[in-house]
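Notes follow once the structure below has been shown.
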Amino acid sequence: MKWSRHPRSSRRSSTAFTLIEIVLVITIIAVLGAATIYLIKGNVDVAKETRVDSDIKNILTQLKMYESRNLQPPTKEQGLAALVTKPTVEPVPERWTQLLEEVPKDAWNREYQYQYPAKRSKADYDVFSLGRDGVESADDIGNWKTARAE
């Protein structure tokens, strides 16, 4: 029997991956991963807006409770903090109770805005998030939008 190295080496190279094949597979995985991230990002934005809508509805419910106990909503100076701590600014409510553990922050980690009297809705007050950009603008999410959705 004659032993030759050539048949083995050619057999090994045919069963191994080449550098080009590995780079091609990594490129395909990267493209698929980028497409997935792009699609998921849109869902994250929708989830944040849904959370803000839910928070606003909760705050509006607590404001109605505050108003029913104290015969008026908190003033603009008292703000949403009146749902957490008893206001010291006039008019100080006589029948105050704590309605929230803390005022929640919106999905972008900013304070919710409170406007009394309302400027954007037909309600007595406006509660809104400044949205993704953090600036008062047309993309704000507030009780004037949640009321239309219901």
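The values are calculated or read from the model by the stated rules, or taken from the named source; none is laboratory data. From a predicted model like this one, the values you see are computed outputs, not experimental measurements. Cβ atoms come from the backbone with ideal geometry, glycine included; neighbour counts cover every protein chain shown.
Here A82, A149 are screened, and the one residue that is modelled with pLDDT of 90 or more, of a type in the set (G, A, S), within 25 Å of the chain's Cα centre (by Cα) and on the phi < 0 side of the Ramachandran plot is A82.
To keep it simple, each residue is scored yes or no on (1) modelled with pLDDT under 90; (2) over 30 Å from V89 (Cβ atoms); (3) in a helix (DSSP H, G or I); (4) not polar (S, T, N, Q).
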site: I29; (1), (2), (3), (4): no, yes, yes, yes
site: G33; (1), (2), (3), (4): yes, yes, yes, yes
site: K57; (1), (2), (3), (4): no, no, yes, yes
site: S68; (1), (2), (3), (4): no, no, yes, no
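(1) surrounded by fewer than 13 Cβ atoms within 10 Å (Cβ to Cβ); (2) in a loop (DSSP other than H, G, I, E, B): which one isn't true of D124, the others all being true? Looking at each condition in turn, D124 falls short on (1).
Within the range 66-83, the residues that satisfy the criterion of being free of Cβ contacts under 8 Å to residues at least 40 places away in the same chain and either surrounded by 14 or more Cβ atoms within 10 Å (Cβ to Cβ) or farther than 17 Å from Q115 by Cα (or both) are Y66, S68, R69, N70, L71, Q78, G79, A81, A82, L83.
Please state which one of P104, P74 is on the phi < 0 side of the Ramachandran plot, over 22 Å from the mean Cα position of the chain (by Cα) and not charged (D, E, K, R).
Only one candidate passes the filter, namely P74.
Tell me yes or no: at least one residue of the range 133-143 is touching a strand residue (DSSP E or B) at 6+ places or on another chain (Cβ under 8 Å), in a loop (DSSP other than H, G, I, E, B) and in contact (Cβ under 8 Å) with a residue 40 or more places away in the chain. No, the range 133-143 contains no residue that is touching a strand residue (DSSP E or B) at 6+ places or on another chain (Cβ under 8 Å), in a loop (DSSP other than H, G, I, E, B) and in contact (Cβ under 8 Å) with a residue 40 or more places away in the chain.
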